[in-house]
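The values are calculated or read from the model by the stated rules, or taken from the named source; none is laboratory data. Model, not experiment: these values are computed from the prediction. Cβ placement follows ideal geometry from the backbone for every residue including glycine, while neighbour counts extend to all protein chains displayed. Remember, those area values only see protein heavy atoms, side chains included, never the ligands or the DNA or RNA. Shrake-Rupley method; radii C 1.70, N 1.55, O 1.52, S 1.80 Å.
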Amino acid sequence: MKVSRAKAEENRRAVVKEAAKLFREHGIDGVALSGIMGAVGLTQGGFYKQFGSKDDLAVEACEQAMAANIDTLNSLINSSNGDVMAAIIDRYLSPEHRNNPAVGCAIAALVADVARREGPIRQSFENGIRGYSEVIEKALSRSQGETQNDMNALAILSMMVGALMLSRAVEDENLSRRILEAAADALPGSSKTAAFTEQ
(Lines give C-alpha, C1' and ligand atoms only; values in the text may rest on other atoms or scores of the structure.)
Protein backbone atom coordinates (compact mmCIF):
# COMPACT_ATOMS: atom_id res chain seq x y z
CA MET A 1 0.00 0.00 0.00
CA LYS A 2 1.37 3.37 -0.99
CA VAL A 3 2.07 5.79 1.86
CA SER A 4 0.72 9.32 1.50
CA ARG A 5 3.14 12.21 1.31
CA ALA A 6 1.94 13.49 4.71
CA LYS A 7 2.42 10.06 6.30
CA ALA A 8 5.87 9.71 4.72
CA GLU A 9 6.88 13.07 6.20
CA GLU A 10 5.48 12.08 9.58
CA ASN A 11 7.50 8.84 9.41
CA ARG A 12 10.62 10.76 8.46
CA ARG A 13 10.25 13.11 11.45
CA ALA A 14 9.74 10.12 13.74
CA VAL A 15 12.89 8.43 12.43
CA VAL A 16 14.98 11.59 12.90
CA LYS A 17 13.65 12.14 16.43
CA GLU A 18 14.29 8.52 17.43
CA ALA A 19 17.76 8.56 15.85
CA ALA A 20 18.58 11.73 17.80
CA LYS A 21 17.77 9.90 21.03
CA LEU A 22 19.46 6.60 20.16
CA PHE A 23 22.61 8.25 18.80
CA ARG A 24 22.97 10.32 21.99
CA GLU A 25 22.50 7.23 24.13
CA HIS A 26 24.62 4.70 22.20
CA GLY A 27 26.74 6.71 19.76
CA ILE A 28 26.27 6.90 16.00
CA ASP A 29 28.15 3.67 15.33
CA GLY A 30 26.46 1.95 18.27
CA VAL A 31 23.02 1.98 16.65
CA ALA A 32 21.95 -0.11 13.67
CA LEU A 33 19.51 1.23 11.13
CA SER A 34 17.22 -1.72 11.89
CA GLY A 35 17.11 -0.61 15.53
CA ILE A 36 16.13 2.94 14.64
CA MET A 37 13.48 1.90 12.14
CA GLY A 38 12.12 -0.82 14.42
CA ALA A 39 11.80 1.65 17.29
CA VAL A 40 9.30 3.68 15.25
CA GLY A 41 7.50 0.65 13.81
CA LEU A 42 9.04 0.76 10.34
CA THR A 43 11.16 -1.70 8.38
CA GLN A 44 14.76 -1.12 7.43
CA GLY A 45 13.77 -1.45 3.78
CA GLY A 46 11.93 1.86 3.98
CA PHE A 47 14.99 3.74 5.21
CA TYR A 48 16.48 4.46 1.79
CA LYS A 49 13.21 5.92 0.53
CA GLN A 50 13.71 8.66 3.14
CA PHE A 51 17.51 9.03 3.53
CA GLY A 52 20.54 8.65 1.32
CA SER A 53 22.67 7.06 4.04
CA LYS A 54 23.09 6.63 7.77
CA ASP A 55 25.44 9.63 7.70
CA ASP A 56 22.66 11.75 6.17
CA LEU A 57 20.37 10.66 8.99
CA ALA A 58 23.10 11.45 11.53
CA VAL A 59 23.34 15.03 10.23
CA GLU A 60 19.58 15.57 10.55
CA ALA A 61 19.43 13.86 13.94
CA CYS A 62 22.32 15.99 15.22
CA GLU A 63 20.62 19.16 13.99
CA GLN A 64 17.31 18.13 15.58
CA ALA A 65 18.94 17.29 18.91
CA MET A 66 20.93 20.53 18.99
CA ALA A 67 17.86 22.60 18.13
CA ALA A 68 15.80 20.89 20.84
CA ASN A 69 18.53 21.48 23.44
CA ILE A 70 18.88 25.13 22.46
CA ASP A 71 15.09 25.59 22.61
CA THR A 72 15.09 24.10 26.11
CA LEU A 73 17.81 26.49 27.27
CA ASN A 74 16.02 29.47 25.71
CA SER A 75 12.81 28.45 27.47
CA LEU A 76 14.71 28.26 30.73
CA ILE A 77 16.04 31.77 30.19
CA ASN A 78 12.58 33.10 29.34
CA SER A 79 10.87 31.43 32.30
CA SER A 80 13.49 31.99 34.98
CA ASN A 81 12.78 34.63 37.60
CA GLY A 82 16.21 34.43 39.16
CA ASP A 83 19.77 34.09 37.93
CA VAL A 84 19.32 32.45 34.53
CA MET A 85 22.97 31.48 34.23
CA ALA A 86 22.79 29.66 37.54
CA ALA A 87 19.62 27.90 36.39
CA ILE A 88 21.36 26.68 33.22
CA ILE A 89 24.43 25.47 35.12
CA ASP A 90 22.36 23.72 37.77
CA ARG A 91 20.26 21.96 35.15
CA TYR A 92 23.17 21.01 32.94
CA LEU A 93 25.47 19.76 35.72
CA SER A 94 22.86 17.63 37.44
CA PRO A 95 22.82 13.87 38.08
CA GLU A 96 19.54 13.74 36.16
CA HIS A 97 21.21 15.11 33.04
CA ARG A 98 24.20 12.83 33.51
CA ASN A 99 21.93 9.80 33.78
CA ASN A 100 19.81 10.60 30.71
CA PRO A 101 22.06 11.11 27.69
CA ALA A 102 19.32 10.13 25.23
CA VAL A 103 17.43 13.33 26.02
CA GLY A 104 20.33 15.52 27.08
CA CYS A 105 23.04 17.65 25.53
CA ALA A 106 23.94 16.50 22.03
CA ILE A 107 27.38 18.07 22.28
CA ALA A 108 28.46 15.97 25.27
CA ALA A 109 26.84 12.83 23.89
CA LEU A 110 28.13 13.03 20.31
CA VAL A 111 31.39 14.99 20.37
CA ALA A 112 33.61 11.89 20.27
CA ASP A 113 31.66 10.45 17.33
CA VAL A 114 31.68 13.70 15.37
CA ALA A 115 35.39 14.30 16.01
CA ARG A 116 36.12 11.08 14.09
CA ARG A 117 33.95 12.02 11.12
CA GLU A 118 34.23 14.44 8.23
CA GLY A 119 31.74 16.28 6.09
CA PRO A 120 28.33 17.80 6.80
CA ILE A 121 27.91 16.40 10.31
CA ARG A 122 30.89 18.42 11.50
CA GLN A 123 29.36 21.60 10.10
CA SER A 124 26.00 20.90 11.73
CA PHE A 125 27.78 20.18 15.00
CA GLU A 126 29.76 23.42 14.72
CA ASN A 127 26.53 25.33 14.10
CA GLY A 128 25.09 23.75 17.23
CA ILE A 129 28.09 24.79 19.32
CA ARG A 130 27.66 28.35 18.09
CA GLY A 131 23.97 28.19 19.01
CA TYR A 132 24.71 26.95 22.53
CA SER A 133 27.34 29.67 22.92
CA GLU A 134 24.85 32.37 21.88
CA VAL A 135 22.34 31.11 24.46
CA ILE A 136 24.98 31.20 27.18
CA GLU A 137 25.99 34.73 26.14
CA LYS A 138 22.34 35.78 26.46
CA ALA A 139 22.09 34.15 29.88
CA LEU A 140 25.30 35.85 31.04
CA SER A 141 23.98 39.19 29.90
CA ARG A 142 20.68 38.66 31.73
CA SER A 143 22.42 37.41 34.87
CA GLN A 144 25.20 39.96 35.05
CA GLY A 145 23.53 42.90 33.34
CA GLU A 146 26.32 43.42 30.88
CA THR A 147 27.38 42.19 27.48
CA GLN A 148 29.82 39.30 27.59
CA ASN A 149 32.20 38.31 24.84
CA ASP A 150 31.83 34.92 23.25
CA MET A 151 35.05 33.63 24.86
CA ASN A 152 33.34 33.68 28.28
CA ALA A 153 30.44 31.69 26.84
CA LEU A 154 32.76 29.23 25.10
CA ALA A 155 34.76 28.71 28.30
CA ILE A 156 31.57 28.00 30.26
CA LEU A 157 30.25 25.67 27.58
CA SER A 158 33.57 23.82 27.40
CA MET A 159 33.69 23.33 31.16
CA MET A 160 30.09 22.13 31.36
CA VAL A 161 30.47 19.69 28.46
CA GLY A 162 33.79 18.36 29.74
CA ALA A 163 32.48 17.87 33.27
CA LEU A 164 29.39 16.07 32.01
CA MET A 165 31.48 13.75 29.84
CA LEU A 166 33.87 12.97 32.69
CA SER A 167 31.02 12.35 35.12
CA ARG A 168 29.57 9.77 32.72
CA ALA A 169 32.91 8.03 32.22
CA VAL A 170 33.58 6.97 35.81
CA GLU A 171 32.07 4.07 37.79
CA ASP A 172 32.34 5.68 41.22
CA GLU A 173 29.08 7.55 41.88
CA ASN A 174 30.72 9.75 44.50
CA LEU A 175 33.50 10.79 42.11
CA SER A 176 30.99 11.38 39.33
CA ARG A 177 28.94 13.70 41.54
CA ARG A 178 32.08 15.50 42.74
CA ILE A 179 33.08 16.19 39.13
CA LEU A 180 29.71 17.84 38.46
CA GLU A 181 29.84 19.81 41.71
CA ALA A 182 33.44 20.94 41.16
CA ALA A 183 32.59 22.32 37.72
CA ALA A 184 29.43 23.99 39.02
CA ASP A 185 31.37 25.57 41.91
CA ALA A 186 33.90 26.99 39.44
CA LEU A 187 31.17 28.58 37.31
CA PRO A 188 29.09 31.67 38.15
CA GLY A 189 26.21 31.27 40.57
CA SER A 190 25.28 27.58 40.65
CA SER A 191 22.87 26.46 43.36
CA LYS A 192 22.84 22.80 42.22
CA THR A 193 19.11 22.45 42.62
CA ALA A 194 17.52 22.03 39.20
CA ALA A 195 16.84 18.73 37.46
CA PHE A 196 17.41 18.33 33.73
CA THR A 197 14.58 17.16 31.51
CA GLU A 198 14.27 17.33 27.75
CA GLN A 199 11.54 16.52 25.31
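What is the total of Lys pairs in the chain with C-alpha atoms under 19 Å apart, excluding same-chain pairs fewer than 8 positions apart? Present the calculation step by step, with values, prior to reporting the outcome.
Numbers: Lys2/Lys49; Lys7/Lys17; Lys7/Lys49; Lys17/Lys49; Lys17/Lys54; Lys21/Lys54.
Counting lysine pairs in the chain gives 6.
Tell me, which longest segment in the chain has none of the trypsin sites (Lys or Arg not before Pro) that fall in DSSP loops with at most 16 further Cβ atoms within 10 Å?
Values: sites that count: Lys2, Arg116, Arg117, Lys192.
Between exposed loop sites, the widest span is 3-115.
Tell me the volume per residue, in Å³, of the convex hull enclosing the alpha carbons of segment 86-172. Can you show the working numbers first?
Numbers: hull volume 8.6 nm³, N = 87.
With only Cα atoms used, segment 86-172 gives 99 Å³ per residue.
Pick out, in residue order, every one of the GluC sites (Glu not before Pro) in segment 72-160 that is DSSP loop and has at most 12 other C-beta atoms within 10 Å; say none if there are none. All intermediate terms of the calculation are to be shown ahead of the outcome.
Working: sites: Glu96, Glu118, Glu126, Glu134, Glu137, Glu146; in loops: Glu118, Glu146.
Those that pass, being in a loop and sparsely packed, are Glu118, Glu146.
Given charges of +1 on the Cβ of Lys and Arg and -1 on the Cβ of Asp and Glu, with all other atoms neutral, how large is the dipole of segment 13-108 about its Cα centre, in debye to the nearest 20?
Values: 8 positive and 11 negative charges, 49 e Å.
Taking the Cα centre of segment 13-108 as origin, the dipole is about 240 debye.
In the chain, if the dipole is taken from +1 on Lys/Arg beta carbons and -1 on Asp/Glu beta carbons about the Cα centre, which of Ala139, Gly82, Ala39 is farthest to the positive end?
So the residue furthest toward the plus end is Ala39.
Using all alpha carbons of the chain, what is the percent of pairwise distances in each 5 Å bin, ordered from the shortest bin to the longest?
In whole percents, the pair-distance histogram is 1, 8, 15, 19, 18, 14, 11, 7, 4, 2, 1, 0.
I'd like the Kirkwood hydrodynamic radius of segment 86-127, using the inverse of the mean 1/r over distinct C-alpha pairs, in Å.
Working: mean 1/r = 0.0869 Å⁻¹.
Over segment 86-127, the inverse of the mean reciprocal pair distance is 11.5 Å.
Go through Val3, Val15, His26 and say which Cα lies farthest out towards the positive end of the charge dipole of segment 1-72; charges sit on Cβ, +1 for Lys and Arg, -1 for Asp and Glu.
Sorting the options by dipole projection puts first Val3.
With a 1.4 Å probe and all protein chains left in place, how much accessible area per residue does segment 29-113 have, in Å²? Could you put the intermediate results ahead of the total?
Numbers: 3370 Å² over 85 residues.
So segment 29-113 comes to 40 Å² accessible per residue, rounded to a whole number.
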